[in-house]
Structure formats: C-alpha cells, structure tokens
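Worksheet for the structure shown next.
The values are calculated or read from the model by the stated rules, or taken from the named source; none is laboratory data. In this text the structure is predicted, and so the values were computed from the model without any measurement. A quick note on method: Cβ atoms are made from the backbone with ideal geometry, for glycine too, and the neighbour counts reach across all protein chains shown. Heavy atoms of the whole protein, side chains included, go into the accessibility calculation; ligands, DNA and RNA do not. Shrake-Rupley method; radii C 1.70, N 1.55, O 1.52, S 1.80 Å.
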Amino acid sequence: MTVLLKKPMHRRALLRGLLQGAAVTLPLPFLDCVLDERGEALAATGQELPIRFGTWYWGMGHTPGHAIREKRQTAPGIEFLEETQALAPYASQMNFFGGFGMPLDGRSNYTHHTGWVGSRTGFVPQSAADIPATTLDLIIADQIGTTTRFRSIDASSAGIPRENYSARSAESRGLAEISPVALYTRLFGPQFVDPNSSDFKPNPDIMMEKSVLSAFIDSSAAYAKTLGAADRQRMDEYFTSIRQLENQMARSLEKPAPCEACKLPERPAEPPAERLANVREIPNVIETHKVMAKLLAMAVACDQTRVFNMVFTDNFANVRRQGEANTHHLLTHMELIDPNLGYQPTAFWFNQRCSEALATYLETLSGIREGNGTLLDHSLIFASSETNYAKLHTIDGIPIYLIGKAGGRMKTGMHVVGGGDPISRVGLTAMRIMGVELRNWGAKSLQTSKPITDVMA
Amino acid sequence: MRRPLRFVVPALIAGAWLLAGCAEREPPVKPAPPSMRRLSNEQYRNTIADIFGPQIIIAGQADPLIRTDGLLAVGAATASITPSGLEKFYGLAKSIALQVVSAENRGGEFACRPENPTGPDDVCARQFFSRVGRLLYRRPLRPSELDLAVRSANQAATVRRDFYLGAAASLTNLLTTPQFLFIVEETEPDPEHPGRQRLTGDAKAAKLSYLLWNTTPNEALLDAAERGELNTASGLRRAVDRMMESPRLETGVRAFLDDFLRFDQFETLEKDSVIYPAFTVKVIEDAREEVLRTAVDLLLVRNGDYRDLFTNRRTFVTGSLARIYHIPVPRPSGGAWNAYEYPASDPHAGLIMQIGFAALASHPGRSSPTLRGRAIREELLCQKVPDPPGNVDFSKFEAADTLGKTARTRLTAHRTDPACAGCHKIMDPIGLGLENLDGVGQFRTTEFGERIDPSGDLDGHHFADAASLGQAIHDDPAATSCLVERLASYALGRRPADKPYLQYLDREFAADGYRVPGLMRRIALGPAFFAVGSTADPPRPVQTASLSAPHAESLETTP
C-alpha cells in the first residue's frame, strides 16, 4: 500500500513566546476554507470552498430485490424500490455500487465484522475483533483534515460509543459521541471561535495553555526515546493525538476566515431520563440522528472539521422497537419470510427506517447553502453497511452509496455494477476523488489499483 | 463493606509459613519484555481520588480498553490513545487540576504557602510537584521533569497573576503525559544476574499496587521500594502482607472480578421497558453491585472457597432488585442494601442466577440460552467457543410450528442440524439450564404457557435445574483453573503461556482451599510476577470479541 501523506502543519514556533506578550497583536496567518483549486468561489470572500468527506453507516444492509433494482451493467439511473424509496429524491446526487465482491482468501467471514472492515480498510480481518489497517476516512483526514480544529469527528445515534467504524487499528479506535449535548459541547463549546464574528481576539488563557502543552510535548518526546520499539509505536499514536490537541488550540488562536453558511446551532436539550434508559429504541435513535446530523453539518459548514463520520445503527443493529422481543439484527435471522411479500416484514420495516435516516441526513446537508450550491455539493459521503443480505450474512454485494458532487469531482446518477470486482475499488475511488494519491489500496485479493473512473469527473 | 481482614491475613501468613518447609517451588516462566499498560478508567479514578481526595469530581471517562485474551487488563498492554481519547483526558485533567488548587482543596495539597499568591513561587511549586509528581508517575520525577513542571507553573502564574492557577496549568499537563497515563515498567541492571535487567523498585511497587489495590502506590510503598525492600524476599513479603491487610484490597478484588465477569457490558445494557417494566436504570446499577458485594462477602469477608460462588445462597439486595427476585426485604424502598439468604426451598442459588449474570447474557427482549451457555463456557470455564460461521442457511429456523414454544423447542435446529450442533451443543444445553430465568433474571416456570424443562448436562455432569447447574460448575475443575488463568493474566498483564506455572498455581489454589486472597498473595510473591525479559517485541496477543450483545447475538441464530 502506498499512501502519500502530508505532515500536519505545526505552528508551535510562531505561537511560542506568546506568554510574554499576551496583549501584543501578532500577524497571525489568515486561515480560510481554501483547499481545492477546483472548488467554487465563495461569494462573500472570493475564496474557494473545500471538499469534505463523510461516512454514514447503517447495519444489516438491504433486502435483495426490494431495495435497488438490479442491473446487468453499469448505467445511469438508480431505481429505488420500496425499501429505499426515501432516497429517490437524491438519485441525481449519488452513485450506487452493487455487485462488488469481498474475496476472503481463505479467511473466515466474521459475521457483521468482516464486511465493514473489508470495505473500509481493504483488508480482511483475522478475527472478530481485528481491524488490520486504517479506515479510509482517516487516510483522507490525514490529507485534508490537518488545517481544521478537528481532523475528524465521529458521532453515533446507535448508543454504543465503541461501535465506531473509523479506526487506525483495533487498539486505536476512538469512541463516537453518542450524546447530542456532548457532541454540541465538543464542537461549539467554549473553544469554538465563530468565523463570522468581527471582534476576534486570541484568548490569552488558551495561549498560555498551548504554550505549556507544547513544552510538555517536547519533554514527553524525549522520554519516549527511552522506550522499546513496540512501546514507541504506541507513543507515536499518543503524539499524533496530542499534537492534534495542540493544533486545536492553535486554531482557536487564529482569526478564522468567514464561512458564509456557518451559524451557531442551538444547544440540544438534555434528553429526558426515559430516553436515556432506552437509547436504542428506534424512535429515539431517529431523533438523536436528526439532531446529530444538524450539528455535524454545521460543524462542517463552520470549517471545524472536514471529515465527519456518522453511525445510524451499529453493525449488529442492536436497535429495537418497543415491545418487540427481537432487535433488528435478530429479526433478520429469526423472522419468517412472508410468502406474499417475499421478505421479513419487520426486518424490512427497520431497513426502511435506515434509508429514511440517510435521506434525512442528505436533506440536512443539502439544506445548507454554500457558494453556488449546497454543503452536499461540496462533500463526498461514503454510505455503507456490513452485509448485503443480513439474513444470510452475505458479504458479496454489500451496498455502498457515494453521495454528493465532491465539488464537481464526482459524476453522479450512476448505478455501478461491480461484477464481482473487489469492493475495495469503491473505497479507492472515494480516496482518489478526495485527492489522496494512492497507487493501490488493500491487501491480497482486495488489493486494487483500479478506481471506478465511470464516476470520476 | 467492612471485612475482618485482621483475621484473614494472619491466617494466610500462618498457612504460608506452615507450608514453607514443604512448599513446591514456582516453576520458572519465560519472562516477557517490560510492558506499558494504559490506565483503565477505574484506575484513573482511583489514582486521582487517592492522591487528591475523594471530593475531586471526575466527570466523564476516556476510551475504554479492548478485551484481549478475556481481560481488559491484558488489552491495556496494547492500548493506545486516540485523538478523541486524549481530548477527553485533557478535559478531565483540566477539571481535576482546577479542583485541586481551589480554595476549598488547596489546604490539603500544598504543604507550603506561596509568598506571593498573585505570582510564581519557585520553592512552593517545587515542593508541590515533587510530592504529587512522584505519586502520579509512580516514581520520583527526574530533575528535567520537575524543572519543567515548576517552570511551566511559574510561567502560567505570571500570565494568570495567580500562583494556584499557574500550578493548575502545569498539573493539567502532568496528568496528560504518557508517564502518567501509561504504567511503564522501567528496568535497571540486575546485580544478582549480571547482564540481565530487573524491574526498578518503583516499577515493582506500581505493579503490586495496581494488582492488589487497583490504584497508584502510596508514599509508604514507594518509600519501601526506594529503600530496596521490594528486591528482597522478606521485604517483599512484608510489603505484600501490609497491602493485603489494607481495606484497599477490596478495591483490588472488585476490580479483578469486574474485569473477569466482563461487567463493562453493563455500560450499554438495555432492556425493553414494555416487556420488562421492572428493569430500571437503578436495577442495572444494583445488579452489578449485587454480584460484587456477594463475591466480596464470600471471598474476602468470609475467606471462603471460590467454588461456592456458584452455589452460595447468601446475597445482598436493594428494593429494586428484590422486586425482580420477588423476595421480601425489610427496607424495600430506597437504595439500602439488605443481606438476604435464600431458604433451601428457594430455587435461587449462586452467581449464574443473579441478575448480573442472567440479564447480561440475554437479549433486550428475551432470554438467550446460547448467550448464557457461551458466557459460562468462555467467562467462567475459559473454554473458547468457535466464532459463528458466516455461511448459515437460516431457512432451517423458519419452522412456524416452533413459534410460541419454549426456547428448547425453538432451538431444536441447533441440536439436530449437524452444521449447527457442532458449536451449539457446547452452549445451548447448559444455557437451557437457566431458562427458568427470563431476559432480566425473573424466575418463571413456564414460557408461552408451556412448562420449562431446565435439565441438562455439563460435560457429563447431569443437572436438573439452574441451582444444580451451579453445583456442576462448582464441581468442574475447569472453573478453578479458569480463575487461576485469569487472575495470573490479570496480574502479569498478559496470558502466561507457561503451562507448568499455571498448573503449579492450580495445585496451590486447591491446597489453599480455593481462597482467592491467598492466590493473589502467592502470585504477587512469586518470581514470575516481576520477571522481565528483553525489550524485543512480544508476539501480538489475540483479541477476543466482547460477549456483549453485538458479537454473541449472532450465535443465537447460527448453527
């Protein structure tokens, strides 16, 4: 695997020494939303809009034959069936990828795990807990996320923080925010600097904090050199993390460029106690997701992050309907197929809710105007699940949607037929669109050097 | 809970001395490279409370550890810190530091008073960080580390025009360093074995302290370490026995049991409120505590036989739990704990019939013989259940005539289909023994109007019901060897590959009457505990999937 990564831009040298002159105005660099030369001009500032990357996850895939009308070959037009009808209004803003394969090279299909790991890392895991490589969102974040407060942000309405499908390894897998209030506080709490505010002044407390932190980082780096090789690797991860924290402070000290679409969202209300006790009841999941979608969208519009990950339901779909003994996942295996309908009606009902939630998410992103388009136009969303047909644990044909115009870098409206090609081609395509210069991606039979050029502008 | 350890520990010591003459020598183990274990959330909390006092509020927690080889404590040796995790650690540190220097708390933390509270005070800051830093890093701060802490405090005090806010700024960062967040095993040349390394005295103190107390070593233990006492057999024995007499031993035992029984699953446990209206958030909190109280009472207070955990009729309940168990308690309202002994006529007995086991190994809306069977095999007997295959034909379960029947009938395909039976025969038959307990642990005799048959077989040991299943586990040698393996792994921070060592501990555990404190003491005093090898990279341990609903659920419906 070849990944060309840009190192994070450090401004420690510039900011060091501020303690002696907190009141002195320094010519701090003017940061803006510029990233891509192909982005649209932002009317208010004349600057160009960045391209953002998001992932969206739902558990249990689709019901074959009732979600997307199958095609024999790649062609324009996606035909949404009853399970995915909610997505039909967005047909022209997305591509659907079906029929791609997940070759296991003799390894087991660890149910509800292998699928998401393979499609997001290009590697087949060796156990039900293994995450053998970095997920594509973090590869992209290492490239485009170094100039924002947060390299990436993870949120989940599924109520299980650990079930976050963004990781560098099993040991380095951050928690998703599961509380809208906590997500709000992290994004728009005291350290948030409104990019449209006219009276920016660097916060002297943060200057001081950053200066002290930087000195401690240097000291810890010297200490890390005394450790063994295996520990040094973990130390590297520690330093990656703490430098991101340092970067967050640095961002807070700089006058941000105005962001036309940025409006400070309202702080979500604390959920009532009964909802906290039933986080995974599907109406609560839907409500949490709706609130989080708005917060994430505004975090992106305010340029707090350019990579954002949302989990609607987890890979074991532990969501449930009140009074129903089985979770969504259990229903996919236990529920009888209705001979008249041809599918498991309650499991299908949950699948419909997933499609509706994705539509809500897209509605939120496309409801934010930016430049000559919307936030969705300037984003690329990789929406995927871990199975094709959950009832049988099939991992060939896992459905993936690539949604958004990516600032004009992606052609949309296509139903792409994989014909058994490795599913990693979709991930490689997404990364290439986002500007990651990868020659190839993945391992063994999942390794590919062929992006899907049909959708690349 | 008060424990008469003054009786327990002398008995352990006396027993050890009596056996000393004929005691078996501990077999050597292949030493592992020095480890670097990330503090667990509980260790972090305990450490802060012990250093700065229990009044310090710690709001929130950072990334949890990953369960590896059955234990989070083993996962700690490979855990790293993610950006979001570090952000949380920093936020916690900042909040803790401000509380420590607050007007209400500073009196206890600062032995000195700054000459000028509106500016830096080098002497006072040095005194503070020298004492606190030693406890946080579990060793004296190196001169450069102390200089940095003091210099940072002074600089920040200048900017903030406040000595205490300056100290808080520096303390925040001390609490975010890898030296604090990771328990690093530092080594030094071993004078008794030239050319080899041994753990430093401070590293030994930390290892002992986190095993026996689940917290940072206190000043007395660090003093003993720095005097070299932990490098001699007699000095080590004195230190361990002092620690075993401390009330903090209960914290250590609880921490091990919490990890061993996979109680981190409580964090995300939910039950359907329509199907189980009595199962409230309070029940979840109390169910975890019930198991721990019962175990501490048996294993520490009464210094009882570990195996009795599976047959024990004595428990502790609150009003919330009593409503689930349908038992009378003198104080049914409020959160008060009541000791309760099930009469011989009551079907309840032992750990596996407690809510903390039965509800945890169930689905949100129903019981699960498969999850329960798997939990008994993997958690209590340390027997690996194969992962479910990925190519299952679920049409075998589409038998409409099994709907509305008992679980035994519904799961017929698990037993009769050859592809299913391979794995399910080692889980379902024992899990069906707990079917008298519904998905939250309420006793029942029927399901869908049909009488439940809880009889079964555990590896040749017939049982008639859940209580006698508990007896079968009690009598199974795998239960005690499992405890030995897990406790040794917990102590060493890795699963020992040395069978002679584990077999030796098995034998000694049996000879001691299966007393857990005695086993902890034996492990702590044995050469294997502090053995350390070269710094070559160890083999990557095998991670195990959590038994929480996610991974185990699929077993319910796979052959």
Can you pull out every residue in region B:21-77 that is within 13 Å of chain A (Cβ to nearest Cβ) and either of a type in the set (V, I, T) or part of a strand (DSSP E or B) (or both)? B:M36, B:R37, B:R38, B:I66, B:T68, B:V74
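Name the single residue that is surrounded by the fewest Cβ atoms within 10 Å (Cβ to Cβ) among those in region B:350-365 being touching a helix residue (DSSP H, G or I) at 6+ places or on another chain (Cβ under 8 Å) and within 13 Å of chain A (Cβ to nearest Cβ). Let's see the steps before the verdict.
Step one: list which residues in region B:350-365 are touching a helix residue (DSSP H, G or I) at 6+ places or on another chain (Cβ under 8 Å), which gives B:350-364.
Still in the running and within 13 Å of chain A (Cβ to nearest Cβ): B:362-364.
Details: B:S362: 27, B:H363: 23, B:P364: 27.
Once the filter is applied, the top-ranked residue is B:H363.
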Log entry, pairs with first residue in region B:246-270 being more than 21 Å from B:C482 (Cα to Cα), second being in a helix (DSSP H, G or I) and open to solvent by 10 Å² or more (accessible area, probe 1.4 Å), beta carbons closer than 7 Å, six or more apart or on different chains, reads B:T251/B:N46; B:F266/B:I284; B:F266/B:R288; B:L269/B:I284
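Just need a number here: residues in region A:204-253 that are part of a loop (DSSP other than H, G, I, E, B), within 28 Å of B:A157 (Cβ to Cβ) and modelled with pLDDT under 90.
Qualifying residue count, region A:204-253: 0.
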If A:H393 satisfies all but one of (1) in contact (Cβ under 8 Å) with a residue 40 or more places away in the chain; (2) more than 11 Å from chain B (Cβ to nearest Cβ), what's the number of the condition it fails? (2)
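This table checks each residue for (1) touching a Gly at 6+ places or on another chain (Cβ under 9 Å); (2) within 11 Å of another protein chain (Cβ to nearest Cβ); (3) more than 30 Å from A:F312 (Cα to Cα).
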position: A:K201; (1), (2), (3): no, no, yes
position: A:S214; (1), (2), (3): no, yes, yes
position: A:K225; (1), (2), (3): no, no, yes
position: A:A229; (1), (2), (3): no, yes, yes
position: A:E237; (1), (2), (3): no, yes, no
position: A:R243; (1), (2), (3): no, yes, no
position: A:C262; (1), (2), (3): no, no, no
Among the numbered criteria (1) open to solvent by 20 Å² or more (accessible area, probe 1.4 Å); (2) at pLDDT below 95; (3) closer than 23 Å to B:D69 by Cα, which single criterion is violated by B:T412? (3)
Tell me, please, whether a residue that is away from chain A (no Cβ under 12 Å), among the aliphatic types (A, V, I, L, M) and open to solvent by less than 30 Å² (accessible area, probe 1.4 Å) can be found in region B:122-132. yes
By residue number, the members of region A:229-241 that are buried (at least 20 other Cβ atoms within 10 Å of the Cβ) and more than 21 Å from the chain's Cα centre (by Cα) are A:D231, A:R234, A:M235, A:Y238
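This table checks each residue for (1) closer than 25 Å to A:D377 by Cα; (2) without any contact (Cβ under 8 Å) to a residue 24 or more places away in the chain; (3) in a loop (DSSP other than H, G, I, E, B); (4) among the charged types (D, E, K, R).
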residue: A:L402; (1), (2), (3), (4): yes, no, no, no
residue: A:G407; (1), (2), (3), (4): yes, no, no, no
residue: A:V416; (1), (2), (3), (4): yes, no, no, no
residue: A:G419; (1), (2), (3), (4): no, no, yes, no
residue: A:R425; (1), (2), (3), (4): yes, no, no, yes
residue: A:T429; (1), (2), (3), (4): yes, no, no, no
residue: A:E437; (1), (2), (3), (4): yes, no, yes, yes
residue: A:S445; (1), (2), (3), (4): no, no, no, no
residue: A:P451; (1), (2), (3), (4): yes, no, yes, no
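Quick one: in region A:314-354, which of the residues that are among the polar types (S, T, N, Q), under 30 Å from A:S379 (Cβ atoms) and more than 11 Å from chain B (Cβ to nearest Cβ) is most open to solvent (accessible area, probe 1.4 Å)? Write out each step before concluding.
Filtering region A:314-354 down to residues among the polar types (S, T, N, Q) leaves A:315, A:318, A:322, A:326-327, A:332, A:340, A:344, A:346, A:351-352.
From what is left, the residues that are under 30 Å from A:S379 (Cβ atoms) are A:315, A:318, A:351-352.
Those left that are additionally more than 11 Å from chain B (Cβ to nearest Cβ): A:351-352.
Numbers: A:N351: 9, A:Q352: 45 Å².
Of everything passing the filter in region A:314-354, A:Q352 is most open to solvent (accessible area, probe 1.4 Å).
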Need the failing condition index for B:A278 against (1) within 30 Å of B:L371 (Cβ to Cβ); (2) assigned to a helix (DSSP H, G or I), just the number. (2)
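Quick check, is B:R242 within 25 Å of B:Q383 (Cα to Cα) and open to solvent by 10 Å² or more (accessible area, probe 1.4 Å)?
Numbers: within 25 Å of B:Q383 (Cα to Cα): no; open to solvent by 10 Å² or more (accessible area, probe 1.4 Å): yes.
In short, no.
Report, by residue number, each residue of region A:279-303 that is closer than 19 Å to A:A406 by Cα and open to solvent by 10 Å² or more (accessible area, probe 1.4 Å). Don't jump to the end; show me each part of the working.
Narrowing region A:279-303 to residues closer than 19 Å to A:A406 by Cα: A:293, A:296-303.
Across region A:279-303, the qualifying residues are A:M298, A:D303.
Open to solvent by 30 Å² or more (accessible area, probe 1.4 Å), in contact (Cβ under 8 Å) with a residue 12 or more places away in the chain and at positive phi: does that describe B:D69?
Numbers: open to solvent by 30 Å² or more (accessible area, probe 1.4 Å): yes; in contact (Cβ under 8 Å) with a residue 12 or more places away in the chain: yes; at positive phi: yes.
For B:D69, the condition - open to solvent by 30 Å² or more (accessible area, probe 1.4 Å), in contact (Cβ under 8 Å) with a residue 12 or more places away in the chain and at positive phi - is met.
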Kindly indicate whether any position in region A:355-367 is assigned to a strand (DSSP E or B) and open to solvent by 10 Å² or more (accessible area, probe 1.4 Å). no
Within region A:168-198, the residues that are within 8 Å of another protein chain (Cβ to nearest Cβ), within 14 Å of A:V311 (Cα to Cα) and either of a type in the set (G, A, S) or open to solvent by less than 10 Å² (accessible area, probe 1.4 Å) (or both) are A:G174
Working carefully through the options B:A295, B:A255, find the one that is of a type in the set (G, A, S) and under 18 Å from B:T480 (Cα atoms). B:A295
Taking region B:76-117 and keeping only residues that are of a type in the set (G, A, S), free of Cβ contacts under 8 Å to residues at least 24 places away in the same chain and crowded, with 18+ Cβ neighbours inside 10 Å, one is left with B:S84, B:G85
Residue by residue through region B:227-236, note down the ones that are touching a helix residue (DSSP H, G or I) at 6+ places or on another chain (Cβ under 6 Å) and either under 20 Å from B:P517 (Cβ atoms) or crowded, with 17+ Cβ neighbours inside 10 Å (or both). B:E229, B:L230, B:L236
Being open to solvent by 10 Å² or more (accessible area, probe 1.4 Å) and either within 21 Å of A:A325 (Cα to Cα) or not in a helix (DSSP H, G or I) (or both) is the filter here; which residues of region B:372-382 pass it? B:C382
Pull up region A:272-296, narrow it to residues that are assigned to a helix (DSSP H, G or I) and of a type in the set (G, A, S), then point me to the one that is farthest from the other protein chains (Cβ to nearest Cβ). A:A293
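Sort through B:E290, B:E341 and tell me the only one that's away from every other protein chain (no Cβ under 14 Å), among the charged types (D, E, K, R) and open to solvent by less than 10 Å² (accessible area, probe 1.4 Å). Walk me through it before giving the result.
Values: B:E341 fails: open to solvent by less than 10 Å² (accessible area, probe 1.4 Å).
The conditions single out B:E290.
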Name the residue, out of A:D199, A:D194, that is in contact (Cβ under 8 Å) with a residue 60 or more places away in the chain and in a loop (DSSP other than H, G, I, E, B). A:D194
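Can you tell which of B:N214, B:N218, B:N173 is within 13 Å of chain A (Cβ to nearest Cβ) and either in contact with a Ser or Thr (Cβ under 8 Å, 6 or more places away or on another chain) or open to solvent by 30 Å² or more (accessible area, probe 1.4 Å) (or both)?
Testing whether each residue is within 13 Å of chain A (Cβ to nearest Cβ) and either in contact with a Ser or Thr (Cβ under 8 Å, 6 or more places away or on another chain) or open to solvent by 30 Å² or more (accessible area, probe 1.4 Å) (or both) leaves just B:N173.
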Within region B:174-233, which residues are in contact with a Phe, Trp or Tyr (Cβ under 6 Å, 6 or more places away or on another chain) and in a strand (DSSP E or B)? B:L199
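Just one of B:V283, B:V274, B:V301 is open to solvent by less than 10 Å² (accessible area, probe 1.4 Å) and either free of Cβ contacts under 8 Å to residues at least 12 places away in the same chain or not aromatic (F, W, Y) (or both); which is it?
Numbers: B:V274 fails: open to solvent by less than 10 Å² (accessible area, probe 1.4 Å); B:V301 fails: open to solvent by less than 10 Å² (accessible area, probe 1.4 Å).
The conditions single out B:V283.
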